[in-house]
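Enquirer: Supplied in C-alpha coordinates, the structure appears directly below.
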Amino acid sequence: MKIGTLTFHRAQNYGGVLQCYALLKFLQNQGYDVEVVDYRCPKIERAYRIIDTYSFKSILASLLYLAKRIKAKKNFASFRKKYLKISDKKFKSPGDFSGQYDICIMGSDQVWTLRLVGGFNPIFYGDFSPSIRKIGYAVSIAEINHFSVEERNVMAKHIDNFTRFSTREDSFRDEMIRLSGKKVYSVLDPSLLLSMNEYDPILELPQEENYILYYQQEYHPLTKNLIVDIAHQVGAKMVVVVTGTKEHYDIPCHYYDTDSLSVPKFLGLFKKAKVVFTSSFHGTAYSIVFRKDFYFVANYAPDRARNLLVKCGAEDRLVYSTDKVAFSKVDYSKVEPCLENHRKESMQFLISAIENK
(Lines give C-alpha, C1' and ligand atoms only; values in the text may rest on other atoms or scores of the structure.)
Protein backbone atom coordinates (compact mmCIF):
# COMPACT_ATOMS: atom_id res chain seq x y z
CA MET A 1 0.00 0.00 0.00
CA LYS A 2 1.53 3.30 -1.12
CA ILE A 3 0.41 6.56 0.47
CA GLY A 4 0.91 10.12 -0.77
CA THR A 5 0.32 13.19 1.39
CA LEU A 6 -0.90 16.43 -0.19
CA THR A 7 -0.35 19.77 1.50
CA PHE A 8 1.54 23.09 1.19
CA HIS A 9 5.00 21.52 1.38
CA ARG A 10 6.48 24.14 -1.00
CA ALA A 11 5.28 27.17 0.96
CA GLN A 12 7.99 29.27 2.59
CA ASN A 13 6.18 29.12 5.89
CA TYR A 14 7.49 27.50 9.07
CA GLY A 15 4.18 26.05 10.24
CA GLY A 16 3.32 24.80 6.77
CA VAL A 17 6.52 22.85 6.17
CA LEU A 18 6.66 21.53 9.74
CA GLN A 19 3.11 20.17 9.78
CA CYS A 20 3.98 18.42 6.50
CA TYR A 21 7.05 16.90 8.18
CA ALA A 22 5.05 15.85 11.24
CA LEU A 23 2.38 13.99 9.25
CA LEU A 24 5.02 12.25 7.14
CA LYS A 25 7.08 11.30 10.21
CA PHE A 26 4.06 9.98 12.11
CA LEU A 27 3.03 7.76 9.19
CA GLN A 28 6.61 6.53 8.71
CA ASN A 29 6.74 5.68 12.42
CA GLN A 30 3.64 3.50 11.89
CA GLY A 31 5.50 1.57 9.19
CA TYR A 32 3.63 2.93 6.15
CA ASP A 33 5.20 3.41 2.71
CA VAL A 34 4.54 7.12 2.40
CA GLU A 35 5.87 10.15 0.57
CA VAL A 36 4.92 13.78 0.04
CA VAL A 37 3.27 14.30 -3.35
CA ASP A 38 5.28 16.95 -5.17
CA TYR A 39 2.17 18.77 -6.34
CA ARG A 40 2.92 22.20 -7.79
CA CYS A 41 -0.20 24.22 -6.96
CA PRO A 42 -0.12 27.22 -9.37
CA LYS A 43 -1.36 29.73 -6.77
CA ILE A 44 1.21 28.61 -4.19
CA GLU A 45 4.00 28.63 -6.77
CA ARG A 46 3.13 32.20 -7.79
CA ALA A 47 3.04 33.36 -4.18
CA TYR A 48 6.64 32.33 -3.59
CA ARG A 49 8.29 33.31 -6.87
CA ILE A 50 11.61 35.06 -6.41
CA ILE A 51 10.49 37.77 -8.84
CA ASP A 52 6.88 38.87 -8.33
CA THR A 53 5.61 39.96 -11.76
CA TYR A 54 2.16 41.05 -10.57
CA SER A 55 2.92 44.72 -11.20
CA PHE A 56 5.79 47.08 -11.96
CA LYS A 57 6.02 47.99 -8.26
CA SER A 58 6.12 44.33 -7.21
CA ILE A 59 8.93 43.68 -9.71
CA LEU A 60 10.94 46.56 -8.27
CA ALA A 61 10.32 45.37 -4.70
CA SER A 62 11.42 41.85 -5.68
CA LEU A 63 14.63 43.16 -7.17
CA LEU A 64 15.31 45.34 -4.12
CA TYR A 65 15.06 42.31 -1.81
CA LEU A 66 16.36 39.76 -4.30
CA ALA A 67 19.22 38.46 -2.13
CA LYS A 68 16.88 37.98 0.84
CA ARG A 69 14.26 36.23 -1.29
CA ILE A 70 16.85 33.83 -2.71
CA LYS A 71 18.18 33.03 0.80
CA ALA A 72 14.67 32.39 2.11
CA LYS A 73 13.92 30.03 -0.77
CA LYS A 74 17.16 28.15 -0.11
CA ASN A 75 16.35 27.89 3.62
CA PHE A 76 13.13 26.00 3.02
CA ALA A 77 14.48 24.00 0.08
CA SER A 78 17.31 22.78 2.31
CA PHE A 79 14.85 21.55 4.95
CA ARG A 80 12.68 19.78 2.38
CA LYS A 81 15.67 18.06 0.81
CA LYS A 82 17.03 16.82 4.15
CA TYR A 83 13.86 15.89 6.04
CA LEU A 84 10.99 15.31 3.60
CA LYS A 85 10.62 12.23 1.42
CA ILE A 86 9.16 13.83 -1.71
CA SER A 87 7.97 12.04 -4.82
CA ASP A 88 10.34 11.95 -7.78
CA LYS A 89 7.44 12.82 -10.04
CA LYS A 90 6.17 16.39 -10.17
CA PHE A 91 2.37 16.65 -10.20
CA LYS A 92 0.55 19.54 -11.87
CA SER A 93 -2.91 18.23 -12.86
CA PRO A 94 -5.49 15.58 -11.86
CA GLY A 95 -4.42 13.28 -14.68
CA ASP A 96 -0.92 12.96 -13.21
CA PHE A 97 -2.26 10.86 -10.31
CA SER A 98 -3.46 7.84 -12.29
CA GLY A 99 -1.85 4.67 -10.92
CA GLN A 100 0.52 6.50 -8.57
CA TYR A 101 -0.96 5.83 -5.11
CA ASP A 102 -3.38 3.60 -3.24
CA ILE A 103 -4.26 6.38 -0.79
CA CYS A 104 -3.87 10.17 -0.83
CA ILE A 105 -4.17 12.11 2.42
CA MET A 106 -5.16 15.76 2.00
CA GLY A 107 -4.20 18.14 4.77
CA SER A 108 -3.47 19.59 7.13
CA ASP A 109 -3.13 23.36 6.87
CA GLN A 110 -5.56 25.56 4.96
CA VAL A 111 -5.80 23.34 1.88
CA TRP A 112 -9.48 24.24 1.42
CA THR A 113 -9.00 28.01 1.80
CA LEU A 114 -10.06 29.31 -1.61
CA ARG A 115 -7.89 32.43 -1.66
CA LEU A 116 -4.77 30.34 -1.01
CA VAL A 117 -5.31 27.59 -3.59
CA GLY A 118 -7.06 29.59 -6.32
CA GLY A 119 -10.67 28.54 -5.86
CA PHE A 120 -12.00 24.99 -5.76
CA ASN A 121 -8.71 23.32 -6.56
CA PRO A 122 -9.48 19.85 -8.02
CA ILE A 123 -6.43 18.24 -6.39
CA PHE A 124 -7.04 19.35 -2.80
CA TYR A 125 -10.78 18.70 -3.24
CA GLY A 126 -10.17 15.13 -4.40
CA ASP A 127 -11.39 15.44 -8.01
CA PHE A 128 -8.91 12.94 -9.47
CA SER A 129 -8.39 9.21 -10.08
CA PRO A 130 -11.40 7.47 -8.45
CA SER A 131 -9.24 4.36 -7.92
CA ILE A 132 -7.25 6.26 -5.26
CA ARG A 133 -8.81 6.36 -1.79
CA LYS A 134 -8.81 9.89 -0.38
CA ILE A 135 -8.63 10.84 3.28
CA GLY A 136 -9.04 14.37 4.59
CA TYR A 137 -6.88 14.89 7.67
CA ALA A 138 -7.20 18.10 9.70
CA VAL A 139 -8.39 20.05 6.66
CA SER A 140 -8.68 23.74 7.48
CA ILE A 141 -10.33 26.81 5.99
CA ALA A 142 -9.30 29.17 8.82
CA GLU A 143 -12.58 31.08 9.40
CA ILE A 144 -15.93 29.55 8.35
CA ASN A 145 -17.55 33.00 8.27
CA HIS A 146 -15.27 34.02 5.39
CA PHE A 147 -17.22 31.74 3.03
CA SER A 148 -20.60 32.26 1.41
CA VAL A 149 -23.49 29.80 1.71
CA GLU A 150 -22.87 28.72 -1.90
CA GLU A 151 -19.19 28.07 -1.24
CA ARG A 152 -19.99 26.05 1.86
CA ASN A 153 -22.44 23.90 -0.08
CA VAL A 154 -19.82 23.18 -2.75
CA MET A 155 -17.38 22.17 -0.01
CA ALA A 156 -19.93 19.82 1.52
CA LYS A 157 -20.51 18.11 -1.84
CA HIS A 158 -16.78 17.49 -2.25
CA ILE A 159 -16.75 15.39 0.92
CA ASP A 160 -18.23 12.65 -1.30
CA ASN A 161 -14.74 12.30 -2.81
CA PHE A 162 -13.33 11.13 0.52
CA THR A 163 -13.70 7.80 2.32
CA ARG A 164 -12.99 9.59 5.63
CA PHE A 165 -12.89 13.30 6.29
CA SER A 166 -11.72 15.36 9.27
CA THR A 167 -11.18 19.04 9.98
CA ARG A 168 -8.85 20.97 12.24
CA GLU A 169 -11.51 23.36 13.55
CA ASP A 170 -14.75 22.34 15.27
CA SER A 171 -16.74 25.10 13.56
CA PHE A 172 -15.80 23.77 10.12
CA ARG A 173 -16.64 20.21 11.18
CA ASP A 174 -20.05 21.22 12.50
CA GLU A 175 -20.92 23.09 9.30
CA MET A 176 -19.84 20.19 7.07
CA ILE A 177 -21.90 17.73 9.12
CA ARG A 178 -24.93 20.00 8.83
CA LEU A 179 -24.60 20.47 5.07
CA SER A 180 -23.39 17.03 4.00
CA GLY A 181 -25.18 14.79 6.49
CA LYS A 182 -21.99 12.73 6.68
CA LYS A 183 -19.64 11.83 9.52
CA VAL A 184 -16.95 14.46 9.82
CA TYR A 185 -14.39 14.42 12.62
CA SER A 186 -12.30 17.10 14.31
CA VAL A 187 -8.64 16.17 14.87
CA LEU A 188 -5.35 17.73 15.91
CA ASP A 189 -2.98 19.43 13.51
CA PRO A 190 -0.17 16.99 12.56
CA SER A 191 2.38 19.15 14.39
CA LEU A 192 0.83 17.90 17.65
CA LEU A 193 1.02 14.20 16.73
CA LEU A 194 4.75 14.18 17.51
CA SER A 195 6.19 14.56 21.01
CA MET A 196 8.76 17.13 22.04
CA ASN A 197 11.49 14.47 21.98
CA GLU A 198 10.62 13.52 18.39
CA TYR A 199 11.49 17.05 17.27
CA ASP A 200 14.88 17.10 19.02
CA PRO A 201 16.81 15.39 16.16
CA ILE A 202 15.85 18.11 13.68
CA LEU A 203 16.12 21.28 15.77
CA GLU A 204 19.05 23.62 16.30
CA LEU A 205 19.33 25.56 19.56
CA PRO A 206 20.07 29.29 19.18
CA GLN A 207 22.84 31.27 20.83
CA GLU A 208 20.40 33.71 22.45
CA GLU A 209 19.74 33.33 26.17
CA ASN A 210 17.00 34.46 28.56
CA TYR A 211 14.66 35.81 25.89
CA ILE A 212 10.99 36.16 25.10
CA LEU A 213 10.12 34.82 21.66
CA TYR A 214 7.56 36.69 19.58
CA TYR A 215 6.44 34.81 16.47
CA GLN A 216 4.63 37.64 14.73
CA GLN A 217 2.16 36.65 12.04
CA GLU A 218 -0.48 39.35 12.59
CA TYR A 219 0.81 42.78 13.55
CA HIS A 220 -0.67 45.00 16.21
CA PRO A 221 1.24 48.13 17.33
CA LEU A 222 0.52 47.67 21.06
CA THR A 223 1.78 44.07 21.30
CA LYS A 224 5.36 45.24 21.91
CA ASN A 225 4.25 47.04 25.10
CA LEU A 226 2.60 43.88 26.40
CA ILE A 227 5.73 41.83 25.61
CA VAL A 228 8.10 44.28 27.30
CA ASP A 229 5.87 44.35 30.38
CA ILE A 230 5.97 40.54 30.64
CA ALA A 231 9.74 40.58 29.99
CA HIS A 232 10.20 42.80 33.04
CA GLN A 233 7.92 40.55 35.11
CA VAL A 234 9.89 37.37 34.30
CA GLY A 235 13.36 38.94 34.16
CA ALA A 236 13.95 38.31 30.45
CA LYS A 237 16.84 40.30 29.00
CA MET A 238 15.80 40.48 25.36
CA VAL A 239 13.06 39.86 22.78
CA VAL A 240 13.57 37.66 19.73
CA VAL A 241 11.09 38.48 16.95
CA VAL A 242 10.45 36.06 14.11
CA THR A 243 8.98 37.60 10.91
CA GLY A 244 6.82 40.68 10.76
CA THR A 245 7.16 44.39 11.34
CA LYS A 246 10.40 45.72 12.83
CA GLU A 247 9.84 48.04 15.78
CA HIS A 248 11.77 49.68 18.59
CA TYR A 249 11.59 47.81 21.89
CA ASP A 250 12.61 49.23 25.26
CA ILE A 251 14.88 46.21 25.80
CA PRO A 252 17.39 44.58 23.40
CA CYS A 253 15.68 42.94 20.42
CA HIS A 254 16.86 40.66 17.65
CA TYR A 255 14.86 40.12 14.45
CA TYR A 256 14.78 37.04 12.26
CA ASP A 257 13.08 36.72 8.90
CA THR A 258 12.77 33.72 6.59
CA ASP A 259 16.06 34.56 4.86
CA SER A 260 18.06 34.43 8.11
CA LEU A 261 16.26 31.75 10.14
CA SER A 262 16.37 28.08 9.15
CA VAL A 263 13.50 25.74 9.99
CA PRO A 264 15.61 23.78 12.56
CA LYS A 265 16.59 27.01 14.32
CA PHE A 266 12.96 28.15 14.29
CA LEU A 267 12.13 25.08 16.36
CA GLY A 268 15.14 25.68 18.57
CA LEU A 269 13.97 29.20 19.38
CA PHE A 270 10.73 27.75 20.74
CA LYS A 271 12.47 25.09 22.80
CA LYS A 272 14.85 27.55 24.48
CA ALA A 273 12.47 30.50 24.98
CA LYS A 274 11.60 31.69 28.46
CA VAL A 275 8.13 32.81 27.33
CA VAL A 276 6.49 32.77 23.90
CA PHE A 277 4.11 35.33 22.43
CA THR A 278 2.53 34.47 19.13
CA SER A 279 -0.26 35.49 16.79
CA SER A 280 0.15 32.26 14.82
CA PHE A 281 -1.74 28.96 15.02
CA HIS A 282 1.44 26.92 14.62
CA GLY A 283 3.25 29.23 17.03
CA THR A 284 0.60 28.22 19.56
CA ALA A 285 0.98 24.54 18.65
CA TYR A 286 4.76 24.53 19.07
CA SER A 287 4.53 26.43 22.33
CA ILE A 288 2.40 23.55 23.61
CA VAL A 289 4.65 20.87 22.08
CA PHE A 290 7.68 22.30 23.92
CA ARG A 291 5.67 22.96 27.11
CA LYS A 292 6.45 26.67 27.13
CA ASP A 293 4.77 29.40 29.07
CA PHE A 294 3.05 31.30 26.28
CA TYR A 295 0.35 33.74 25.22
CA PHE A 296 -1.65 33.80 22.01
CA VAL A 297 -2.31 37.41 20.94
CA ALA A 298 -5.83 37.31 19.49
CA ASN A 299 -6.34 40.64 17.78
CA TYR A 300 -7.43 39.32 14.37
CA ALA A 301 -9.14 36.10 13.17
CA PRO A 302 -8.40 34.05 16.30
CA ASP A 303 -10.68 31.06 15.62
CA ARG A 304 -7.96 28.58 14.61
CA ALA A 305 -5.80 29.08 17.69
CA ARG A 306 -8.78 29.56 20.02
CA ASN A 307 -10.12 26.18 18.93
CA LEU A 308 -6.78 24.56 19.85
CA LEU A 309 -6.64 26.35 23.20
CA VAL A 310 -10.13 25.14 24.08
CA LYS A 311 -9.22 21.54 23.14
CA CYS A 312 -6.16 21.71 25.38
CA GLY A 313 -7.86 23.43 28.31
CA ALA A 314 -5.64 26.50 27.90
CA GLU A 315 -8.19 29.21 27.11
CA ASP A 316 -6.55 31.50 29.68
CA ARG A 317 -3.55 31.91 27.36
CA LEU A 318 -5.58 34.03 24.93
CA VAL A 319 -4.89 37.75 25.38
CA TYR A 320 -5.25 40.98 23.43
CA SER A 321 -2.59 43.61 22.81
CA THR A 322 -4.54 46.11 24.90
CA ASP A 323 -4.67 43.82 27.95
CA LYS A 324 -2.77 44.32 31.19
CA VAL A 325 -1.47 40.85 32.00
CA ALA A 326 -0.02 39.55 35.24
CA PHE A 327 2.31 36.74 34.17
CA SER A 328 1.26 33.22 35.10
CA LYS A 329 2.66 29.84 34.15
CA VAL A 330 0.77 27.41 31.93
CA ASP A 331 -0.82 24.64 33.97
CA TYR A 332 0.49 21.66 32.01
CA SER A 333 -0.95 19.24 34.58
CA LYS A 334 -4.28 20.28 33.02
CA VAL A 335 -3.12 20.76 29.42
CA GLU A 336 -1.19 17.49 28.98
CA PRO A 337 -4.09 15.08 29.76
CA CYS A 338 -6.43 17.02 27.43
CA LEU A 339 -3.82 17.05 24.67
CA GLU A 340 -3.08 13.35 25.08
CA ASN A 341 -6.77 12.41 24.77
CA HIS A 342 -7.13 14.38 21.54
CA ARG A 343 -3.81 13.02 20.26
CA LYS A 344 -4.99 9.42 20.75
CA GLU A 345 -8.32 10.14 19.05
CA SER A 346 -6.53 11.81 16.12
CA MET A 347 -4.08 8.95 15.70
CA GLN A 348 -6.91 6.44 15.88
CA PHE A 349 -8.89 8.32 13.22
CA LEU A 350 -5.93 8.42 10.84
CA ILE A 351 -4.90 4.79 11.23
CA SER A 352 -8.50 3.54 11.00
CA ALA A 353 -9.01 5.62 7.87
CA ILE A 354 -5.89 4.19 6.25
CA GLU A 355 -6.77 0.61 7.18
CA ASN A 356 -10.38 1.26 6.12
CA LYS A 357 -11.77 -0.12 9.38
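Enquirer: Mind putting a number on the dipole of the stretch 243-299 about its Cα centre? Charges go on the C-beta only, +1 for Lys and Arg and -1 for Asp and Glu, and I need it in Debye to the nearest 20.
Expert: Value, rounded to 20: 340 debye.
Enquirer: Which of the pairs Lys182/Lys334; Lys43/Lys157; Lys81/Lys265; Lys73/Lys272; Lys265/Lys329 have their Cα atoms more than 28 Å apart in this structure?
Expert: Violating the 28 Å Cα-Cα cut-off are Lys182/Lys334.
Enquirer: Moving on to the next point. Any idea what the relative contact order of the chain is, in percent, if you count C-alpha pairs under 8 Å spaced at least 6 apart?
Expert: It rounds to 15 percent for the chain.
Enquirer: Quick one: putting +1 on the C-beta of Lys and Arg, -1 on the C-beta of Asp and Glu, what dipole do you get for the chain around its Cα centre, in Debye to the nearest 20?
Expert: 840 debye
Enquirer: Further, regarding this structure: Whole-Hz ³J(HN,Hα) for each residue in the stretch 318-328, computed from phi via Karplus 6.51 cos²θ - 1.76 cosθ + 1.60 with θ = phi - 60°, x for glycine and proline: what do you get?
Expert: My calculation for the stretch 318-328 gives 7, 9, 10, 4, 7, 6, 9, 10, 8, 4, 9 Hz in order.
Enquirer: Check which residues have an amide H placed less than 5 Å from Gln217's amide H, if you skip close sequence neighbours.
Expert: Amide H neighbours of Gln217: Ser279, Ser280.
Enquirer: Continuing with the same structure: Got a number for carbon plus sulfur as a percent of the chain's accessible area, 1.4 Å probe? Walk me through the intermediate numbers first.
Expert: On the way: 7840 of 15420 Å².
Answer for the chain is 51 percent, counting heavy atoms of protein chains only.
Enquirer: Please provide three numbers in whole Å: the alpha-carbon extents of the stretch 307-357 along the principal axes, with the largest listed first.
Expert: 50, 22, 9
Enquirer: Here's something else I'd like to know. If the viscosity is 0.890 mPa s and the temperature 25 °C, what translational diffusion coefficient in µm²/s does Stokes-Einstein give for the stretch 114-209 when Rh comes from Kirkwood over Cα pairs?
Expert: D = 161 µm²/s.
Enquirer: Per 5 Å bin from zero, what fraction in whole % of the C-alpha pairs of the stretch 190-285 is there, up to the bin with the longest pair?
Expert: In whole percents, the pair-distance histogram is 3, 13, 25, 26, 19, 10, 4, 0.
Enquirer: If you don't mind, there's one more thing I want to ask. Charges only on Cβ, +1 for Lys and Arg, -1 for Asp and Glu: so what's the dipole of the stretch 200-324 about the Cα centre, in debye to the nearest 20?
Expert: Computed about the Cα centre, the dipole is about 260 debye.
Enquirer: Another question, then. Rank Ile227, Ile51 by accessible area, highest first, at a 1.4 Å probe radius?
Expert: Final ranking, largest accessible area leading: Ile51, Ile227.
Enquirer: Under 19 Å from a label point 7 Å along Cα→Cβ of Asp200: give me every residue in the stretch 19-39 with its amide N that close.
Expert: 22, 25-26, 29
Enquirer: Provide Thr163, Thr258, Thr7 ordered by accessible surface of protein heavy atoms (probe 1.4 Å), highest first.
Expert: Thr163, Thr258, Thr7
Enquirer: For the stretch 250-265 and the stretch 78-141, write down the distance between their C-alpha centroids in whole Å.
Expert: First find each Cα centre; the distance between them is then 31 Å.
Enquirer: Determine, from the Cβ-Cβ distance of Ala67 and Arg40 and an R0 of 25 Å, the FRET efficiency 1/(1 + (r/R0)^6), rounded to the nearest 0.05.
Expert: 0.50
Enquirer: Over 26 Å between Cα atoms: which of Lys2/Lys82; Lys25/Lys68; Lys134/Lys357 fall into that group?
Expert: Lys25/Lys68, as the Cα separations exceed 26 Å there.
Enquirer: Under the rule of -39500 (n - 2.57) per DSSP H run of 4 or more residues, summed and divided by the residues of the chain, what mean residue ellipticity at 222 nm is obtained, to the nearest 500 deg cm²/dmol?
Expert: -12000 deg cm²/dmol
Enquirer: Can I ask one more? So how far apart, in nm, are the two label points at Tyr54 and His146 if each is 7 Å from Cα heading toward Cβ?
Expert: Placing both labels 7 Å beyond Cα along the Cβ direction yields 1.4 nm.
Enquirer: Additional query: If you scale each eigenvalue of the Cα gyration tensor by 5 and take the root, what three semi-axes come out for the chain, rounded to whole angstrom and sorted largest first?
Expert: That gives 33, 24, 20 Å for the three semi-axes.
Enquirer: Just the number please: accessible area per residue for the chain, 1.4 Å probe, all protein chains included, in Å².
Expert: With all protein chains present, the chain gives 43 Å² per residue.
Enquirer: Given a Förster distance of 25 Å, report the FRET efficiency between Asp88 and Ser131 from their Cβ-Cβ distance, rounded to the nearest 0.05.
Expert: On the way: r = 21 Å, r/R0 = 0.83.
Efficiency, rounded to the nearest 0.05: 0.75.
Enquirer: Then there is this: Based solely on C-alpha atoms, express the radius of gyration and the Dmax of the stretch 70-128 in angstrom.
Expert: Expressed in Å, the Cα Rg and Dmax of the stretch 70-128 come to 13.7, 37.
The values are calculated or read from the model by the stated rules, or taken from the named source; none is laboratory data. Everything numeric in this text was worked out from a predicted model, so none of it was measured. FYI the Cβ positions are ideal-geometry reconstructions off the backbone, even for glycines, and counts take in every protein chain you see. The area values use the complete protein model at the heavy-atom level, side chains included, leaving out ligands, DNA and RNA. Shrake-Rupley method; radii C 1.70, N 1.55, O 1.52, S 1.80 Å.
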